[in-house]
Amino acid sequence: MVKSILFVGVGGQGIILASKILTQGLIKFGYDVKMSEVHGMAQRGGSVTTQVRYGEKVYSPLIGDGEADVIVAFEKIEAVRYLKYLKEGGSLVVNDYEIYSLPILIGAEQYPENIIEKLQESVPKTKALKAAEIAEGLGNIKAQNVVMLGSLIKALGLENMDWDSVIKENVPEKFYSLNVKALKAGIGTWDI
Amino acid sequence: MKKIMSGNEAIARGAYEAGCTVAAAYPGTPSTEILENIAAYKEIYAEWAPNEKVATEVVCGAAIAGARSLCAMKHVGMNVAADPIFTIAYEGINGGLVIVTADDPGMHSSQNEQDNRLYAPHAKIAMVEPSDSQECKDFVKYAYEISEKFDTAVLFRTTTRVSHSKSIVELGERVEVGVKPYVKNPKKYIMTPANSKVKHPEVEERLEKLQGYSNNCPLNRIEWGDKKIGIITSGISYQYAKEVFGDNASYLKIGFSYPLPDKMIIKFAKAVDKVYIIEENDPYIENYVKTLGIQCIGKEFIPTCDELNPDIIRKALLKEEPKKSYELDVKAPSRPPMLCPGCPHRPVFYAISKLSKLKKNVIITGDIGCYTLGDEPPLNAMDTVICMGAGISAAIGFEKAAKMGNRDDKIFGFVGDSTFFHSGITGLIDAVYNNSPIVMCILDNRTTAMTGHQDNPGTGRTLKGEPAPIISIESIVRAVGIKDENIRIVDPYKLDETEAAIKDAYNANEPFVIIAKQPCALLKEVQKRRANMKCKIDLEKCKECKACMRTGCPAISFKEGHVIIDQSMCNGCGLCYQVCKFNAIEKVGE
């Protein structure tokens, strides 16, 4: 059985690192994995996605409409933008966090209201968390990506694997303990 | 040993293992990481060339000299490099030569969606197409064997989803092949008409031999499954096809895709009830299969535009209903890419945007790079973007046409530093030579920014991280013949200075150059240096006129009735501080 995970967010939020840690972990735990990311123009403050698929044997690195087992949205409107990729019965892990795009900043478009509530109404398996706040509480807002990753790992039922060693191998030593704490906090968000 | 690698990392690894000794490229998404990763191997000489043509010529020379060589480029880069490629095709090689083209179906970071597979038959060189990272590595080794066995350059074609997808790769050891001796051979390496006339028939013979190889090589294989459907496919499309059809179809998986394996295709088509061709963009395989008299289903169902995915194939060929998902009664606002907070390009576009509101005859020809984003609102400071270098050359044509049409358009052409070295210099020469009173704005942010901060001839460092002479844009501009009084070198963070230069340029009647010098705000050393530099709004003084918001800086927003500057995004560039008429913005942390 192949599982498909779609990471969505805004360039600069650390999505690539989060999906890289996940990918490295999945390989370590014996899965075949494919991960796809986009570079270049798309990273200049635009909407970005990475896709991770794992299982016994994976062919396509890409996920189609209605095929994602989990969507991990680092920003609320990005969850809305990519919602059509979520399969029926799939889980949505969404960061209760706003980043205004240029059309919103200059008043050409409006940031919609009550997105989290609407997502929760529509998608039964929605986990909303304030990853940025949690990461700030741990001392560095930049760890919000690993908080999101923790919450995803719990959604996948992979929380009992040895993620500490995966983090150790994939982040600079000085950020190791911060990221381990962030991952635990993310896993813990399902208990609230 | 197994490792997860992107296709680009795996190509670099393949070059290393195959004994490659010389590599060159100009950065371009999605190809950039190939050379960045090759540079990490001390056994390979690797360089950033000023453009793809130079990179290709460097490796043509290296291959003739006897080295296994590799150049890499994005799809549009191959247009720049086409000239040497079409003639090295006649000359052949000495050491193996691999030319990597990374195409971008879906145009994630490109100006067009050209399908470079068509270059292989056009240039008459062999082509291979990997479909995952393991094949990326393995196919480089095959490519060198093919190159040396058949005396041909080999086109190595990937796409974004091959280059930027990661999958598991089994690593091998490097095989040292050394650099072969060079023996002078004018009939082979000097393409005068007399020699080329002899060479062309040899090229045609070589293609026949290559076709024989294509029918028997391990890169092309048949995977038998259910024979009701037979799928002919290559590259990433193979992975999508397997995902959709699994064992419910048979596959002719093509890895050596020029010349295509005619006998294998005929045999395969005979054995299956129906033939599907699954390929992205152009009907490259399909057209060939049809010339063999084989009925097949392809582009009437599989879209030509945009990249494929399994879902598209399922809907197209299996006529499956869309999968159930969720919908929300909310429209997600758009999120286009934009100039970063503190970007040194912004003040220049702000100034020109302001001028173009006053003077309706201002025309702005743009170019490829971060500064393409000067086209975005609220700046809207661009009329055209075509390709690398056209920011200057198209300005000349615009100026000449305007004059012929009795219009007084004033053309401002924009290029970046790396783009200036790539193909801006020739346009500059044309402007001087043919006396075109355009303004050439060279936005020198001391790096090749859009592709992720690669060095270039102006940065003082090579791809290998070694010190290099800094090639001065200003000296080139002077040497070409732009008069001293028509040159302005400005710090774009100083808006007065920038606006004054643009005003002088507007009034000039001769070719004029503005060089705006300020390093990219995302460079690590810049971020460190400016970490505590911020602009802050004094809410008591702020009249909410929103003049600062007209700079299009993403750090400035209007929330809960106030203009605020996001301190985590701001780098204190000071543009907003300079446009505020009420002194409501202060600069801190100088």
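The values are calculated or read from the model by the stated rules, or taken from the named source; none is laboratory data. As the structure is a prediction and not an experimental result, all values here were calculated from the model. Please note: Cβ atoms are built from the backbone with ideal geometry, for glycine as well, and neighbour counts cover all protein chains shown.
Suppose we keep only residues that are within 29 Å of the chain's Cα centre (by Cα) and buried (at least 16 other Cβ atoms within 10 Å of the Cβ) within region B:491-511. Which one would you say is farthest from B:I429 (Cα to Cα)? The qualifying residue farthest from B:I429 (Cα to Cα) is B:Y493. What residue, among those in region A:29-45 that are at pLDDT 75 or above and of a type in the set (A, V, I, L, M, F, W, C), is surrounded by the fewest Cβ atoms within 10 Å (Cβ to Cβ)? Selected residue: A:F29.
The number of residues in region B:466-488 being under 21 Å from B:I44 (Cβ atoms) and in contact (Cβ under 8 Å) with a residue 24 or more places away in the chain comes to 0. Here B:K299 meets the list (1) within 22 Å of B:N112 (Cα to Cα); (2) of a type in the set (K, R); (3) part of a helix (DSSP H, G or I) almost entirely, failing just condition (3). Taking region B:181-276 and the strands (runs of 3 or more DSSP E) fully enclosed by it, the elements with 2 or more residues that are touching a residue at least 24 places away in the same chain (Cβ under 8 Å) and more than 22 Å from B:G293 (Cβ to Cβ) are at B:220-223. The single condition among (1) surrounded by fewer than 23 Cβ atoms within 10 Å (Cβ to Cβ); (2) in contact with a Lys or Arg (Cβ under 8 Å, 6 or more places away or on another chain); (3) not in a loop (DSSP other than H, G, I, E, B); (4) not basic (K, R) that B:S110 does not meet is (3). In region B:154-173, is there at least one residue being surrounded by fewer than 24 Cβ atoms within 10 Å (Cβ to Cβ), in contact (Cβ under 8 Å) with a residue 60 or more places away in the chain, under 16 Å from B:I64 (Cα atoms) and not aromatic (F, W, Y)? The answer is no; no qualifying residue exists. Residues in region B:52-74: is at least one away from every other protein chain (no Cβ under 14 Å), assigned to a loop (DSSP other than H, G, I, E, B) and acidic (D, E)? There is no residue in region B:52-74 that is away from every other protein chain (no Cβ under 14 Å), assigned to a loop (DSSP other than H, G, I, E, B) and acidic (D, E). Here A:S4, A:S60, A:S47, A:S91 are screened, and the one residue that is farther than 19 Å from A:I115 by Cα and within 16 Å of the chain's Cα centre (by Cα) is A:S4.
Taking region B:113-145 as the range and being assigned to a loop (DSSP other than H, G, I, E, B) and closer than 19 Å to B:I85 by Cβ as the test, the residues that pass are B:Q114, B:D115, B:K124, B:I125, B:E129.
Of all residues in region A:3-42, those satisfying the criterion of being in a strand (DSSP E or B), more than 9 Å from chain B (Cβ to nearest Cβ) and of a type in the set (V, I, T) are A:I5, A:V8.
Note on region B:147-194: residues that are within 14 Å of chain A (Cβ to nearest Cβ), touching a Gly at 6+ places or on another chain (Cβ under 7 Å) and aliphatic (A, V, I, L, M) total 1.
Of the residues B:A500, B:A516, B:A547, which single one is small (G, A, S), farther than 13 Å from B:P347 by Cα and out of contact with any Ser or Thr (no Cβ under 6 Å at 6 or more places or on another chain)?
None of the other options fit; the residue is B:A547.
Of the residues in region A:46-91, how many are surrounded by 24 or more Cβ atoms within 10 Å (Cβ to Cβ), in a strand (DSSP E or B) and at the interface with another protein chain (Cβ under 7 Å from one of its Cβ atoms)? Residues flagged as surrounded by 24 or more Cβ atoms within 10 Å (Cβ to Cβ), in a strand (DSSP E or B) and at the interface with another protein chain (Cβ under 7 Å from one of its Cβ atoms) within region A:46-91 amount to 1. For region A:99-107, the criterion of being within 8 Å of chain B (Cβ to nearest Cβ) and surrounded by fewer than 17 Cβ atoms within 10 Å (Cβ to Cβ) is met by at least one residue.
All conditions in (1) within 14 Å of another protein chain (Cβ to nearest Cβ); (2) modelled with pLDDT of 95 or more hold for B:K403, with the sole exception of (1). Within the option set A:A73, A:A131, A:A79, A:A108, being more than 30 Å from B:P378 (Cα to Cα) and not hydroxyl-bearing (S, T, Y) holds for one residue only, A:A131.
The sole residue among B:M338, B:M388 that is under 25 Å from B:G452 (Cα atoms), in a loop (DSSP other than H, G, I, E, B) and more than 13 Å from every other protein chain (Cβ to nearest Cβ) is B:M388.
Number of residues in region B:436-454 that are of a type outside the set (S, T, Y), part of a strand (DSSP E or B) and within 14 Å of chain A (Cβ to nearest Cβ) equals 1.
So for region B:319-334 (the condition being surrounded by 17 or more Cβ atoms within 10 Å (Cβ to Cβ) and over 30 Å from A:K76 (Cα atoms)), does at least one residue qualify? Within region B:319-334 (the criterion being surrounded by 17 or more Cβ atoms within 10 Å (Cβ to Cβ) and over 30 Å from A:K76 (Cα atoms)), the answer is no, since none of the residues qualifies. Only a single criterion out of (1) out of contact with any Gly (no Cβ under 8 Å at 6 or more places or on another chain); (2) of a type outside the set (A, V, I, L, M); (3) in contact (Cβ under 8 Å) with a residue 24 or more places away in the chain is not satisfied by B:C570, namely (1). Here B:N380, B:N309 are screened, and the one residue that is within 14 Å of chain A (Cβ to nearest Cβ), farther than 30 Å from B:F412 by Cα and in contact (Cβ under 8 Å) with a residue 12 or more places away in the chain is B:N309. Close Cβ contacts (under 9 Å, 6 or more residues apart or on different chains) running from residues in region A:165-177 that are free of Cβ contacts under 8 Å to residues at least 60 places away in the same chain and among the aromatic types (F, W, Y) to residues that are surrounded by 13 or more Cβ atoms within 10 Å (Cβ to Cβ) and assigned to a loop (DSSP other than H, G, I, E, B) comprise A:F175/A:N140.
Could you identify the single residue in B:C576, B:C570, B:C542, B:C535 that is within 32 Å of the chain's Cα centre (by Cα) and either more than 14 Å from every other protein chain (Cβ to nearest Cβ) or not in a strand (DSSP E or B) (or both)?
None of the other options fit; the residue is B:C570.
Scanning region B:22-50 for residues that are buried (at least 24 other Cβ atoms within 10 Å of the Cβ) and among the polar types (S, T, N, Q) turns up B:T29, B:S31, B:T32. Scan region A:140-156 and give yes if some residue there is farther than 21 Å from A:I16 by Cβ, over 12 Å from the mean Cα position of the chain (by Cα) and surrounded by fewer than 18 Cβ atoms within 10 Å (Cβ to Cβ), otherwise no. Within region A:140-156 (the criterion being farther than 21 Å from A:I16 by Cβ, over 12 Å from the mean Cα position of the chain (by Cα) and surrounded by fewer than 18 Cβ atoms within 10 Å (Cβ to Cβ)), the answer is no, since none of the residues qualifies.
Taking every residue in region A:88-107 that is without any contact (Cβ under 8 Å) to a residue 24 or more places away in the chain and farther than 30 Å from B:E321 by Cβ and pairing it with any residue that is in a strand (DSSP E or B) and of a type in the set (S, T, N, Q), at least 6 positions away or on another chain, the pairs with Cβ-Cβ distances below 8 Å are A:Y100/B:S557; A:I104/B:S557; A:L105/B:S557. Against the criterion of being charged (D, E, K, R), in a loop (DSSP other than H, G, I, E, B), at pLDDT 95 or above and more than 18 Å from the chain's Cα centre (by Cα), B:D408 qualifies.
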